[in-house]
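Scroll down for the structure; my scribbles are underneath it.
Nothing in this text is a laboratory measurement; each read-out follows from the coordinates by a stated rule. Keep in mind it's a predicted model, so treat the numbers as computed, not measured. Because the Cβ atoms are built from the backbone with ideal geometry, glycine has one as well, and the counts that use them run over all protein chains shown.
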Amino acid sequence: MLSKTYHLKFPNLDAAQIAAPFVTETLGGAIPECKLSGLTILISKEGDISVNVFFGSMADLKNFEKTHGTFVETMKKTFLFKSTGFDGVCIFNFDASEDDAA
């Protein structure tokens with residue numbers, strides 16, 4: 001599984017909370033359009049937003065980059081934050097769902 005990770009560091013929690021809906025709407029809308037295999041968005045009390053986007057194929061990742069790859073640059077026009085990120089290959093992922101727990 002391929003992944004793209006973004007780390008967005010805002011000045012404080014309030015700023016991150018204001019930006020969070022934009023992140024969730026933009027990337028949530030990419031789920032069916034880009035055939036995302038998974039999406040995790042986390043916010044910390046320090047004002048960081050961490051995003052992990054998972055893809056089943058290189059074609060899906062390239063389609064995501066083509067259609068939504070500029071969302072960080074778009075956000076920088078409105079919000080003040082620093083960003084880092086990387087592309088990677090998932091080497092371990094565990095998710096215990098409620099269905100499996102029964």
Enumeration of residues in the stretch 47-59 that are surrounded by fewer than 16 Cβ atoms within 10 Å (Cβ to Cβ) and either hydroxyl-bearing (S, T, Y) or under 15 Å from T84 (Cβ atoms) (or both): S50, S57
Residue match in the stretch 74-82 (condition: touching a strand residue (DSSP E or B) at 6+ places or on another chain (Cβ under 7 Å) and surrounded by 16 or more Cβ atoms within 10 Å (Cβ to Cβ)): yes
Pairs, first small (G, A, S) in the stretch 42-64, second outside any strand (DSSP E or B), C-beta under 7 Å, six or more apart: G47/F10; G47/P11; G47/N12; G47/L13; G47/A15; G47/A16; G56/M1; G56/K35
Residue tally, condition among the polar types (S, T, N, Q) and either over 25 Å from N93 (Cβ atoms) or surrounded by 16 or more Cβ atoms within 10 Å (Cβ to Cβ) (or both), over the stretch 3-46: 4
Condition broken by V51, with the remaining ones in (1) among the β-branched types (V, I, T); (2) farther than 18 Å from L8 by Cβ; (3) touching a strand residue (DSSP E or B) at 6+ places or on another chain (Cβ under 7 Å) satisfied: (2)
